[in-house]
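What follows is one structure encoded as structure tokens, with my remarks underneath.
Taken together, the values in this text are just the output of simple stated rules run on the coordinates, not laboratory data. Note that the coordinates shown come from a computational prediction; the quantities given were computed from them, not determined experimentally. Glycine also receives a Cβ, built like all others from the backbone with ideal geometry; neighbour counts cover every protein chain displayed.
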Amino acid sequence: MNAATSRFTIFQTRWGHFGLACRRESVCATSLPTPTRAAAQEALLANLPAAPADALFEQGLCPALQQRIIAYFEGENVDFSTDPGVDLASYSSFGQAIMAGCRQIAFGQTRTYSELAHHAGRPGAARAVGGTMARNPVPLIVPCHRVVRTDGGLGGFSASGGIATKRRMLLHEQNAIAAAMPPAALVVTA
DNA sequence: CAGCACTAATTCA
DNA sequence: TGAATTAGTGCTG
């Protein structure tokens with residue numbers, strides 16, 4: 001059998017069925033929670049770079065990672081910024097810089113498309129950043145939902161659930177942080 | 001070659 | 001003052 005064959009799994013989180021696919025030791029695709037298992041699988045395979053038909057189902061795939069993802073949807077502050085590895089080989093150098101910059105956005109924080117572009121050394125390429133995010137195959141692992149517009153708008157979102165999911169995830173993270181923070185920290189506003 | 005998950009500057013009311 | 005328009009941007013179908 002082909003050593004590069006993708007393996008995938010679908011598992012239940014508090015928000016619904018989450019899809020996860022790996023190739024070798026890297027995550028190559030994820031899909032955000034959907035109401036049905038079938039929808040999750042469809043969304044996941046759509047994010048697979050190549051040969052979805054060859055992907056093998058594996059129930060116990062990356063158990064530790066599954067637990068972290070489940071914990072995320074339970075409202076825990078989970079950090080995916082350095083782990084797991086993601087396969088970015090198919091990206092241009094610009095795309096890789098954008099994806100890397102995006103992963104550095106901490107839980108509960110946001111950045112603008114413009115800031116990411118600037119970080120990648122292309123100050124005017126905010127729109128190109130949007131294009132890269134739009135095709136992100138690993139939502140949540142690369143937290144593309146934390147990228148918003150400069151004018152305060154959310155921008156767009158093409159993963160499962162669309163813009164509503166993006167807003168919900170941002171609120172979810174901010175609530176998680178607020179819950180973990182002592183009330184005294186809120187008095188700062190001058 | 002047209003079109004994006006964008007932005008900042010410019011142009012008209 | 002404020003809404004609408006327009007270049008500039010890097011990549012994809």
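Before moving on, here are some points about what is shown:
- Residue tally, condition under 28 Å from residue A:131 (Cα atoms), touching a residue at least 60 places away in the same chain (Cβ under 8 Å) and loosely packed, with under 14 Cβ neighbours inside 10 Å, over the stretch A:46-99: 1
- Positions within the stretch A:75-104 being part of a loop (DSSP other than H, G, I, E, B) and either under 29 Å from residue A:175 (Cβ atoms) or away from DNA strand C (no atom under 16 Å from the Cβ) (or both), in sequence order: A:75, A:76, A:77, A:78, A:79, A:80, A:81, A:82, A:83, A:84, A:85, A:104
- Output for the stretch A:137-169, where each listed residue is more than 18 Å from residue A:13 (Cα to Cα) and part of a loop (DSSP other than H, G, I, E, B): A:137, A:149, A:150, A:151, A:152, A:153, A:154, A:155, A:156, A:157, A:158
- Candidates A:24, A:7: the one that is of a type in the set (Lys, Arg) and surrounded by fewer than 16 Cβ atoms within 10 Å (Cβ to Cβ) is A:24.
- Verdict on residue A:131 being more than 10 Å from DNA strand B (Cβ to nearest atom) and either part of a helix (DSSP H, G or I) or in contact with a Leu (Cβ under 9 Å, 6 or more places away or on another chain) (or both): no
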